[in-house]
Amino acid sequence: MSWTGGAPDFNLPPLPDTAEMYMGYLALEKGYSSATVRGYACDLAQFEDFLQRRDMSLDTPADIVPRTIHDFLADLHRQHVGKSSMGRKLSALRGFFRYLARKGFIRSVPTEGITNPRQAQRSPRALNVDQAYAVLDTRTQAASRAQVHVRQAHKREQLTRDLALAELLYGSGLRISEALALDLCHTDPSSGLIKVTGKGSKERIVPLSDTSRQALQLWLDVRETLDVSGGAEQAVFLGARGGRLNRRQALRIIEDLCRAAGLPQAVSPHALRHSFATHLLEAGADMRSVQELLGHERLTTTQRYTHLTLRKIVEVYDRAHPGSKAGKGGSK
């Protein structure tokens, strides 16, 4: 795969030439992350395996018709593949065949008119305000980390890092990938702003809350204690060995913070981002502004969070309005 430049983090499965060409387009021209390219490659490899069992291939794309796509989706259904996963695979196929059509390899796109499997709308999990504050409470976290039952001892510097990371996820609504990709040259807490590289390598300027700015500055003041590179490593967040903090380590950090805060459920780093959006909307922020802060390309993505805020409004109404059942019950 000459287009990868020998980058070891792609680890792509074997693919036909047409799919290889498409992966190069995604990586080099579209600037997709290695994780995204790998995901598309795995979906196309699965489709290629399906085609091979029917004496077909992605290298002969003109032979693929809408019925082929429907049969593939039916095969996934028989394997009990979830609807969201089926939708993602179908999205990968759409992008691939549209690319081939633009290049003149096919005259018609076999995925046209095929919609994603209908799935139930699920509101993102979010913490309430008290839970979010408990996760970010420095005193609670410091006391808990001193207890013997914690899985491993954390130095004060590591706790400072952990809280700074959590503050960025909740206080500024960053994706975990965006927080981990931050470099020192784009991070100046005193300015109250940071430059973030989001999906599709799109950059945006994100404001820092007062607590985020303070937590980030505290971490940067002690960051050199974990930097074993002598200043060569530019990542803001470092792991125990001095390299850039990875996603698995970040997941463990958030789990530890939630455990120390006494939360009854485990939450992901993305739950802090969900909480950021939900709490802003509940406080009256307009959706367009929240869309910009989150870096969502489409407003419909941001609108998922309104399910949570509307539910809260209905709960308040039922509890307080004299005309509601709950309100009548409460007045007796």
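Below are the figures for this structure:
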{"quantity": "Check on residue 310, surrounded by 12 or more Cβ atoms within 10 Å (Cβ to Cβ), part of a helix (DSSP H, G or I), aliphatic (A, V, I, L, M) and modelled with pLDDT under 60", "calculated": "yes"}
{"quantity": "Check on residue 248, in contact with an Asp or Glu (Cβ under 8 Å, 6 or more places away or on another chain) and modelled with pLDDT of 85 or more", "calculated": "no"}
{"quantity": "Close pairs from the stretch 127-140: first more than 19 Å from residue 218 (Cβ to Cβ) and polar (S, T, N, Q), partner at pLDDT 80 or above and surrounded by fewer than 19 Cβ atoms within 10 Å (Cβ to Cβ), Cβ under 8 Å, at least 6 apart", "calculated": "131/263"}
{"quantity": "Number of positions in the stretch 251-267 that are at pLDDT below 85 and under 18 Å from the mean Cα position of the chain (by Cα)", "calculated": "2"}
{"quantity": "Among residues of the stretch 202-225, those that are of a type in the set (A, V, I, L, M, F, W, C) and in contact with a Gly (Cβ under 6 Å, 6 or more places away or on another chain), counted", "calculated": "1"}
{"quantity": "Residues of the stretch 176-219 that turn out to be open to solvent by less than 60 Å² (accessible area, probe 1.4 Å), in a loop (DSSP other than H, G, I, E, B) and either farther than 17 Å from residue 36 by Cβ or of a type in the set (D, E, K, R) (or both), as a count", "calculated": "4"}
{"quantity": "Residue check, residue 43 open to solvent by less than 50 Å² (accessible area, probe 1.4 Å), out of contact with any His (no Cβ under 6 Å at 6 or more places or on another chain) and either among the acidic types (Asp, Glu) or assigned by the TED database to the domain that holds residue 275 (or both)", "calculated": "yes"}
{"quantity": "Meets criteria (at pLDDT below 85 and acidic (Asp, Glu)) for residue 188", "calculated": "no"}
{"quantity": "Hey, residue 225 of a type outside the set (Asp, Glu) and over 30 Å from residue 130 (Cβ atoms) or not", "calculated": "yes"}
{"quantity": "All positions within the stretch 100-110 that are farther than 14 Å from residue 59 by Cβ and either open to solvent by 10 Å² or more (accessible area, probe 1.4 Å) or modelled with pLDDT under 95 (or both)", "calculated": "101, 102, 104, 107, 108, 109"}
{"quantity": "Test set (1) at pLDDT 95 or above; (2) touching a Ser or Thr at 6+ places or on another chain (Cβ under 8 Å); (3) in a loop (DSSP other than H, G, I, E, B); (4) among the aliphatic types (A, V, I, L, M) - residue 126 fails condition number", "calculated": "(1)"}
{"quantity": "Of residues in the stretch 237-275 being assigned to a loop (DSSP other than H, G, I, E, B) and under 16 Å from residue 157 (Cβ atoms), the one most open to solvent (accessible area, probe 1.4 Å)", "calculated": "241"}
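The values are calculated or read from the model by the stated rules, or taken from the named source; none is laboratory data. Just so it is clear, the structure is predicted and the values come from calculations on it, not from any experiment. All Cβ positions, even for glycine, are placed from backbone atoms using ideal geometry, and neighbour counts span all protein chains on display. What goes into the accessible areas is simple: the full protein's heavy atoms, side chains included, and nothing from ligands, DNA or RNA. Shrake-Rupley method; radii C 1.70, N 1.55, O 1.52, S 1.80 Å.
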